[in-house]
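Take a look at the structure below.
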Amino acid sequence: MRLYSSDETNPTNQYEVLRRDRGGDDHHGGVFIAYKKDMVAVQVEELETDCEILWCTMSLAGCKALHIGAYYRPHEGDEQSLLELRKSLERLGNRHNQTIILGGDFNFPGWNWKDNTIKPRCSHRGQHVMFREALDDHSLVQLILEPTQIDNTLDLICTNKPSSVVQTKVIPGISDHECPIAEFDLSPIRTQQRPRQIPMYGKADWQSYKQHIEKAGKGIVDSMDGNTDIDSVWAMLNDVIEEGLRLYVPHKQTKQLDSLPYITPQMRKLFRKRDRTYNRMKQLRKDVNNHRRA
């Protein structure tokens, strides 16, 4: 058994390689992340747990921090690896204002991602559900829908910013697995709502507003003659009303919120528990009604 250097995994010498080799006496496994040499990436060891997972952070011009993770789950029934993955995601936290991309061989053949359902003959169903809950808790969306190994979609790419995905596809790989690819636009053009003024009618000085309208209205009437058309009168009256609103009705400026930072993973768990309880009660009520009719 011999160890492979980063240069052997990257013969073109166009990429830098971050790697986390499998521990112990087993030297033929592990995960790595390759990135172009003109980019800057820093390995984040505090996010790593006791499973085959690797995280790095990249800084891109004009973008928030980008967190990239590589993960490998050795076999379908490896619950310990799944628990360690969840622990790693907990350390990552609810980074609502940053982009997260996590990819690798997750080994969940029981998921039908096209229908978003679990296959009828799924082994380790509980672990499949646990994995989906971990994704939901951290607002991660799984992107790959096509099979990557025979009829199973084992190799996945997950992100918390699915709106930045340009396309996904599966191409031939170098092993018995196909290779999933996702293209991201990390500098999206966003249409942001401009701050606007909202009138606070509850705090308005209506007495002064009334006097303003009466005075200005009298001036409009006095200025009218037989040649004044209705459109001109309406334009003058509209100017008077808007001026009164500016002078005697206070305003506040709105701000657009890009996210809800107070929605934590713990709150998402409670939301899911609430929904499950509601669905059970709904089904129970339906069963009771059917029994009564019978």
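With R₀ fixed at 41 Å, the C-beta to C-beta distance from Asp287 to His75 puts the FRET efficiency at about 0.60. From most to least packed by mean Cβ count within 10 Å, the peptides 132-142, 40-50 give 132-142, 40-50.
What pairs in Lys215/Lys252; Lys169/Lys273; Lys161/Lys286; Lys87/Lys161 have C-alpha atoms more than 29 Å from each other?
Values: Lys215/Lys252 27 Å; Lys169/Lys273 34 Å; Lys161/Lys286 38 Å; Lys87/Lys161 21 Å.
Exceeds cut-off: Lys169/Lys273; Lys161/Lys286.
Label reach from Val40 (point 7 Å along Cα→C-beta): in the stretch 64-106, amide nitrogens under 19 Å belong to 64-68, 98-99. In terms of Cα atoms, the Rg and Dmax of the chain work out to 29.9, 104 Å.
FRET efficiency for the pair Thr264 and Arg196, taken as 1/(1 + (r/R0)^6) with r the Cβ-Cβ distance and R0 = 51 Å, rounds to 0.95.
Values quoted throughout were computed directly from the atomic coordinates according to the rules given, and no laboratory measurement underlies them. All of these numbers come straight from a predicted model, not from anything done at the bench. Ideal geometry is used to build each Cβ from the backbone, glycine not excepted, and the neighbour counts take in all protein chains shown.
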